[in-house]
Amino acid sequence: MRRALTPQCFRYDLLKRAYDQLGEVEVAGIEVTDDSLLVERLGIGIMAVEGSARNIKITQAEDLAWAEAILSSVVIGQ
């Protein structure tokens, strides 16, 4: 079992192709959990790379506070 971190990265044209099939996937009753699932449905293999939990996605105010705390510790630690 692995934990997937964000961001997941794909070429735009590939990701667009994957999302173009979203309607078919939803009609089939398949739960879409992330971009990787859609790309895999195109028959394209997914490669995992080593990541860090410090590579956070900022989507809410509390995420910004977390990012500021991380940046403060990096600046202080230099």
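The values are calculated or read from the model by the stated rules, or taken from the named source; none is laboratory data. Everything numeric here is computed off the predicted structure, so don't read it as measured data. Positions of Cβ are backbone-derived with ideal geometry, glycine not excepted, and every protein chain shown enters the neighbour counts. Surface accessibility is based on the protein's heavy atoms, side chains included, excluding ligands, DNA and RNA. Shrake-Rupley method; radii C 1.70, N 1.55, O 1.52, S 1.80 Å.
Quick notes on this one:
- The criterion of at least 2 residues that are out of contact with any strand residue (DSSP E or B) (no Cβ under 6 Å at 6 or more places or on another chain) and over 15 Å from A4 (Cα atoms) is met, among helices (runs of 4 or more DSSP H) falling completely within segment 18-78, by 22-27, 61-77.
- Scope segment 19-78; condition open to solvent by 70 Å² or more (accessible area, probe 1.4 Å) and either touching a Cys at 6+ places or on another chain (Cβ under 7 Å) or acidic (D, E) (or both); matching residues: D20, E24, E26, E31, E40, E50, E62, E68
- Within segment 1-18, being surrounded by 10 or more Cβ atoms within 10 Å (Cβ to Cβ) and aliphatic (A, V, I, L, M) holds for A4, L5, L14, L15, A18.
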